[in-house]
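Just below is one structure, and these are the notes that go with it.
The values are calculated or read from the model by the stated rules, or taken from the named source; none is laboratory data. Model, not experiment: these values are computed from the prediction. Please note: Cβ atoms are built from the backbone with ideal geometry, for glycine as well, and neighbour counts cover all protein chains shown.
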Amino acid sequence: MERLGGSQPQSPILADNLRLRPMGGKGFQRRLILVAFMGLCAGPAVVSVPSSSVNGHGSPGTNARSGYVGDGACVSCHREESVSYLNTAHHFTSQLPSSTSVRGSFQPEHDRLTIIDAQANPAEPGLSFRMSAHDDGYFETAITGFAGSTQERTERIDLVTGSGKRGQTYLYWQGDRLFELPVSYWTDGQRWINSPGYEDGTADFSRPIHPGCLECHATYIQPLSSDPATNRFARETLVTGIGCETCHGPGAEHLRLHTEASFAKAAPLQMANEAILNPAKFSRDRQVDLCALCHNGIDRESLAPAFSYRPGKTVSEYFRPLAVGLAEHPDVHGNQVGLLKRSRCYLGSAGMSCSTCHNVHAEEHLAASYSKACLNCHRWQSCGASRTLGKKIEENCIDCHMPVQPTAAIVSETAGKEVHATMRTHWIKVYPGTSPAGPAATHGAIPAGGK
Ligand code: HEC
Ligand code: HEC
Ligand code: HEC
Ligand code: HEC
Ligand code: HEC
Ligand code: HEC
Ligand code: HEC
């Protein structure tokens, strides 16, 4: 069962939760309760993990699945899709750490997240985090205890998730086990925050990363067990970013036939094309299912091993929705598929899919520019607002009919302050408060997960 950051039973070896505040309460607890102290290293020592030959973008790992060739193999013949794809959030959604991929700041003053300031309250145990960049990598250090006698634990940022459009969460390896780091980066305000769903006042290095997380954020990694709750992986098989073959299926045969065809004109073009999947040729439902592999929210459980879904298949055979509210840490994750499917536009037109508006091979453009897609099916005159605003409503149907809404979900509570995420709703309809006569758009909060 895959859930983002579900609280997992802690393994005895990794019970390394430092709790400074009681569960649920924002109040400060005077006594430092060490739930467990194991794994905490004193001093700035760095837990070094043997570096493995993790692959860069699009290059298949050594034990990668057979038939997959990586993005690099498509460029020579599909330059247009390939070059623009390099700028997309899909491509950047997981990366190895580098000075450009890690968006948070390591500059003095900006390299800290202070939850409880030990200097300011010498009577209280403090908790802060320091993020640092060294020649051998990028690190997060938790510093806890009373001023003058602090303990530290440092882990390396081994993998970056999130393009940084909203934010980034960092992961670290301990042998073949993958864990989440306690501090994330939030693009709004360009600051460090508690990782989504982490309890304020704790230094938690123990949250395991399950295959479902990387199934949505990477092209591939081989889990070492079929248990969806495992966090053991064959590290060298990691292929970062979402690659062409996630949506088009394995490309080796397509490549071979096209190469042969151009040399010997042996294989007919049709055969070569049939060897690769083109979602445009799927039924509408299967097209939307491909996007639903990752865009139907995180309140779901897996029915099949991670990375077994193939484009063109029915997604409901691979995942089952969880009852609303079961996801323990709703956060940045929306449900565009579920919301679009409620829209009368979708229900009333057999051909509408995500591709009606999005070209996933190129960078997203300004929200208002998608109004052109509305005008393929609607005349501006049929909008009631046109009576008062006239033809200029053509410039932006989006903000009135697909407004950005605050979610009810708290992404993070950091040093007692709440951080919220906003989402662009995909339920196209009339929203109260967007009437041109009424006040500027105000919208009620939508529940967590965009439902
Ligand atoms: C040796 C050249 C070559 C390489 C390499 C290549 N393709 Fe193609 N591909 C073609 C040609 C030629 C077509 C046919 C274009 C047409 O029908 O107009 C095609 C068609 C396609 C189609 C449309 C198929 C259809 O049924 O309409 C997709 C999707 C595609 N390629 C994806 C890929 C991906 C993904 C890769 C990398 C894994 C890749 N191709 C690598 C030459 C290549
Ligand atoms: C394998 C998982 C996966 C699949 C399949 C997938 N997406 Fe995504 N998509 C993501 C993730 C993860 C992000 C967030 C990327 C980020 O900012 O880190 C994303 C972001 C996006 C965005 C926002 C891009 C931006 O610049 O902000 C759009 C639009 C989008 N996806 C559309 C689609 C459509 C349409 C499909 C189906 C054709 C699709 N996606 C299929 C995982 C996926
Ligand atoms: C069901 C697929 C899915 C799962 C599981 C999932 N994500 Fe996401 N994630 C997405 C999509 C899609 C987005 C883009 C926001 C949206 O469309 O809702 C996203 C957005 C993000 C972002 C913000 C990216 C940005 O810059 O905007 C981060 C960080 C992130 N996810 C981290 C994680 C981590 C860490 C896990 C696992 C512990 C995880 N996600 C699990 C699909 C998923
Ligand atoms: C997130 C999913 C996704 C990813 C990743 C993706 N594609 Fe596509 N691709 C699609 C969809 C959906 C279509 C069909 C678009 C439509 O409906 O017109 C498509 C269509 C195509 C076509 C056929 C274009 C045509 O005019 O018929 C080619 C070629 C192609 N993709 C190549 C690539 C290459 C090369 C990459 C990697 C650089 C890539 N795609 C990555 C989803 C994806
Ligand atoms: C593929 C065609 C198509 C596209 C694209 C499309 N719509 Fe629609 N839309 C429809 C249909 C069909 C209906 C239902 C009409 C009916 O039932 O009378 C509808 C209904 C609506 C409604 C009424 C919804 C309600 O719940 O009462 C609004 C508002 C609307 N569309 C706005 C938009 C906007 C804004 C866009 C662009 C963001 C858009 N539509 C894109 C086809 C489309
Ligand atoms: C009627 C047009 C339309 C359709 C259809 C549509 N989208 Fe969007 N989508 C938009 C607009 C407009 C935005 C806002 C773009 C921006 O802010 O730059 C958007 C943004 C997104 C984002 C980024 C969300 C965020 O809050 O940052 C994702 C992810 C996304 N779409 C996925 C999908 C998926 C998956 C589908 C199919 C289920 C889909 N979209 C269908 C118009 C559409
Ligand atoms: C300033 C906000 C605003 C803008 C801009 C706007 N709309 Fe509307 N739209 C509304 C409101 C409010 C209604 C309901 C009006 C009423 O009931 O008289 C509406 C009604 C509609 C309806 C009819 C829904 C129904 O079934 O009664 C459609 C279709 C529609 N809009 C499409 C569009 C399209 C397409 C655009 C862009 C060209 C657009 N709107 C721009 C606010 C807006």
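With a requirement of 3 or more residues that are within 16 Å of ligand 4 (Cβ to nearest atom) and buried (at least 21 other Cβ atoms within 10 Å of the Cβ), the strands (runs of 3 or more DSSP E) lying completely within the range 198-245 that satisfy it span 218-223.
Kindly evaluate Phe319 against the criterion of being within 15 Å of ligand 3 (Cβ to nearest atom), crowded, with 16+ Cβ neighbours inside 10 Å and at positive phi.
In short, no.
Which of the residues that make up the range 274-295 are within 16 Å of ligand 1 (Cβ to nearest atom) and of a type outside the set (D, E, K, R)? Matches in the range 274-295: Ala275, Ile276, Leu277, Asn278, Pro279, Ala280, Phe282, Ser283, Gln287, Leu290, Cys291. Here Thr434 meets the list (1) over 27 Å from Ser82 (Cα atoms); (2) out of contact with any Cys (no Cβ under 7 Å at 6 or more places or on another chain) almost entirely, failing just condition (2). The C-beta contact set for the range 366-381 (first residue within 14 Å of Met352 (Cβ to Cβ), second residue within 16 Å of ligand 3 (Cβ to nearest atom) and in a loop (DSSP other than H, G, I, E, B), distance under 8 angstrom, 6+ apart or interchain) comprises Tyr370/Cys357; Ala373/Cys357.
Answer yes or no as to whether Ala252 is of a type in the set (A, V, I, L, M, F, W, C), near ligand 1 (Cβ under 10 Å from one of its atoms) and out of contact with any helix residue (DSSP H, G or I) (no Cβ under 8 Å at 6 or more places or on another chain).
Yes: the conditions hold for Ala252.
None of Ser128, Ser94, Ser82, Ser98 is surrounded by fewer than 17 Cβ atoms within 10 Å (Cβ to Cβ) and modelled with pLDDT of 95 or more except Ser98.
It is to be established whether one or more residues within the range 201-215 are touching a Lys or Arg at 6+ places or on another chain (Cβ under 6 Å) and either modelled with pLDDT of 95 or more or within 16 Å of ligand 5 (Cβ to nearest atom) (or both). No, the conditions are met nowhere in the range 201-215. The single condition among (1) modelled with pLDDT under 95; (2) out of contact with any Pro (no Cβ under 8 Å at 6 or more places or on another chain); (3) of a type in the set (Lys, Arg) that Arg300 does not satisfy is (2). The criterion of at least 3 residues that are over 23 Å from the mean Cα position of the chain (by Cα) and either free of Cβ contacts under 8 Å to residues at least 40 places away in the same chain or within 16 Å of ligand 2 (Cβ to nearest atom) (or both) is met by the following strands (runs of 3 or more DSSP E) wholly inside the range 91-178: 126-134.
In the range 313-415, counting only helices (runs of 4 or more DSSP H) that sit wholly within it, the ones holding 1 or more residues that are out of contact with any helix residue (DSSP H, G or I) (no Cβ under 9 Å at 6 or more places or on another chain), of a type outside the set (D, E, K, R) and more than 14 Å from ligand 6 (Cβ to nearest atom) span 386-389. For the range 157-183, filtering for residues that are of a type in the set (D, E, K, R), farther than 23 Å from Gly334 by Cβ and surrounded by 21 or more Cβ atoms within 10 Å (Cβ to Cβ) leaves 1.
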